[in-house]
């Protein structure tokens, strides 16, 4: 494949990611409509099947491009450590997403396909474990990776301070994490036994608060930078983290019956958007690196670069 | 990957950060091609300094008067000034706009011509890796049209 074609392929990936996410969310929401209005549950299966396929697929794309981005840095370069952590986070996302989404849904439809264990019981267990391990562990990798990224931002003079509103949002996320920890404390005092998945799930609160802080710092910096490919890469990661935080709050609200039925579908779609943003980040990085190393004079259509403009998140 | 001439010049002029300077110097010591290139740059810089000293010591008043006259004539004719130095600056800023954005590029507008390439390479290397940064800088030094044409559409 010529360098120009390779570049075109990489630069088209964000467009494909966004298109796949948009189509999946639209079809899923349409499929949910009959169920939300008292119809059968077939639409729910369709929503989760295609959603699971999308999330797992996007995690794979994220992993693939994170590894390519990692190869762009030599040992000793600060960003190499960051991309190593990003790749580890994507790998965890992919494996845990596969367990929580694909296998769990498969067990519901066909228990014999996953060892003949009772479908609903296995579904619950797989989803619980997959979501628990898929929550905080990739988040920890991501948080450590972003520490390296923020160091580079600072050294490069691109660092911007948080605004008053950022601090307020951060305080809200921190309060949410603290509230969940208090709830767990009350439950333990009342005699409840928490397993490893529950503890991991609880740990995601503080890690998420840290990630939201990092996301705001990155977002402030990239808003100042503009709309270059590197800025888009880190804006995508920041957006992914903020969408994840929003999704967590939504899930918590849904679990406590505070979310009305019409909002359930869009809330689930937040996870699709978060997965898309996680995949977009490394894609922009690889596009930038490919463009840099493309021989001069190569011809390609620059307008083919798809994806989310950083300015859109201002 | 060998460091570019711009990087070696920046090393000679002491414009690289301590870590990067140590890495480039370590490479140049072990690499014949880069050592030769560095020595060539050092020799040229030395000649340039000696020439400047000679001009400083000489009586430059007649030459200065001739230059002022020429500039006055040029101004009267409203002829454009040579664009060579600013063309390189434009290319560097355009490239930075493409990779980082207009805000990031604008912070380089006040950077002197001599240190512009070195600083741009440092920033590019931090976010894209040294290999990609070296490729971009080499493209800029060659004066290829690639960066200018593409950067505006990001």
Do you know which of the residues in the stretch A:148-177 that are surrounded by fewer than 14 Cβ atoms within 10 Å (Cβ to Cβ) and in contact (Cβ under 8 Å) with a residue 24 or more places away in the chain is farthest from residue A:89 (Cα to Cα)?
-> A:163
Among the residues of the stretch A:193-206, is there at least one that is within 22 Å of residue B:124 (Cα to Cα), part of a helix (DSSP H, G or I) and out of contact with any helix residue (DSSP H, G or I) (no Cβ under 6 Å at 6 or more places or on another chain)?
-> no
Sole residue being assigned to a helix (DSSP H, G or I), over 12 Å from the mean Cα position of the chain (by Cα), buried (at least 19 other Cβ atoms within 10 Å of the Cβ) and at pLDDT below 90, chosen from A:268, A:234, A:252 = A:268
Conditions: (1) closer than 29 Å to residue A:33 by Cβ; (2) modelled with pLDDT under 65; (3) under 20 Å from the mean Cα position of the chain (by Cα). Residue A:132 meets all but one. Number of the miss?
-> (1)
For residue A:227, all conditions in the list (1) away from chain B (no Cβ under 14 Å); (2) more than 18 Å from residue A:79 (Cα to Cα) hold save one; what is the number of the exception?
-> (1)
Considering every residue within the stretch A:286-307, establish whether at least one is touching a helix residue (DSSP H, G or I) at 6+ places or on another chain (Cβ under 8 Å), facing chain B (nearest Cβ under 9 Å), modelled with pLDDT of 65 or more and part of a loop (DSSP other than H, G, I, E, B).
-> yes
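Return yes or no: is residue A:57 under 19 Å from the mean Cα position of the chain (by Cα) and within 23 Å of residue A:286 (Cα to Cα)?
Considered against the rule, which asks whether it is under 19 Å from the mean Cα position of the chain (by Cα) and within 23 Å of residue A:286 (Cα to Cα), residue A:57 comes out as yes.
Which of the residues that make up the stretch B:1-37 are part of a helix (DSSP H, G or I) and touching a residue at least 60 places away in the same chain (Cβ under 8 Å)?
Within the stretch B:1-37, B:5, B:6, B:7, B:9, B:10, B:20 meet the criteria.
Out of A:28, A:51, A:62, A:97, I need the residue that is touching a helix residue (DSSP H, G or I) at 6+ places or on another chain (Cβ under 7 Å), surrounded by 19 or more Cβ atoms within 10 Å (Cβ to Cβ) and either over 16 Å from residue A:271 (Cβ atoms) or modelled with pLDDT of 90 or more (or both). Which one? Step through it out loud before you land on a result.
Values: A:28 fails: either over 16 Å from residue A:271 (Cβ atoms) or modelled with pLDDT of 90 or more (or both); A:51 fails: either over 16 Å from residue A:271 (Cβ atoms) or modelled with pLDDT of 90 or more (or both); A:97 fails: either over 16 Å from residue A:271 (Cβ atoms) or modelled with pLDDT of 90 or more (or both).
Matching residue, one of A:28, A:51, A:62, A:97: A:62.
The values are calculated or read from the model by the stated rules, or taken from the named source; none is laboratory data. Only a predicted model underlies this, so the values are computations on that prediction, with no experimental measurement involved. Counting neighbours? That spans all protein chains shown, and the Cβs are built from the backbone with ideal geometry, glycine included.
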